[in-house]
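The values are calculated or read from the model by the stated rules, or taken from the named source; none is laboratory data. Keep in mind that this is a model prediction, so the values were computed, not measured. We place every Cβ from the backbone using ideal geometry, glycine too, and count neighbours over all the protein chains shown.
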Amino acid sequence: MADMPLQTTAKTAARGRPFEKGRSGNPTGRPRGSTNRATKSAAVMLDGEAEALTRKAVELALGGDASALRLCLERILGPRRGRPVQLALPPISSAADIAGTMGAITAAAARGDITPGEAAELAKVIDTLVRSIETSDFGRRLQMLEARPRSGA
């Protein structure tokens, strides 16, 4: 910037924004995956103490500390992600079959066999299946039309 005239820098740099938009003052920046100094020092301090800390958390949880109990249960069970759904659905071979399948999904959700979220996810799968069937049918019909001999041309 030493060889740039003062007037040019004043025009290009806005107050509080010394660099052009999309251009960093440090293009290489901090390397990806590098850890913060505070994180490194905390890891060094806790190194070798995992067993004692775990034991103390379990003792606190057993003693009735709600936060410690929540922490222990979260570590034991882990976050709940999707579960396998056992649901008998009628086969789908055409777009016309979707009504029966969606009825079965809706009935299962109403009975409480599956959650509303699981029903919504299943509906997305069914919708994708129906779209693929329709696309396949369209391609088959188009090939039949193109293969048909033209008359009067």
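Checked against (1) surrounded by 12 or more Cβ atoms within 10 Å (Cβ to Cβ); (2) over 25 Å from the mean Cα position of the chain (by Cα), T135 passes all but condition (1).
Taken over the range 138-153, residues that are among the hydrophobic types (A, V, I, L, M, F, W, C) and surrounded by 10 or more Cβ atoms within 10 Å (Cβ to Cβ) amount to 2. Taken over the range 57-95, residues that are without any contact (Cβ under 8 Å) to a residue 24 or more places away in the chain, surrounded by fewer than 10 Cβ atoms within 10 Å (Cβ to Cβ) and over 28 Å from the mean Cα position of the chain (by Cα) amount to 4. Selection over the range 19-51 of residues that are surrounded by 10 or more Cβ atoms within 10 Å (Cβ to Cβ) and not polar (S, T, N, Q) gives a count of 7. Summed over the range 61-105, the residues that are at pLDDT below 85 and hydroxyl-bearing (S, T, Y) give a count of 2.
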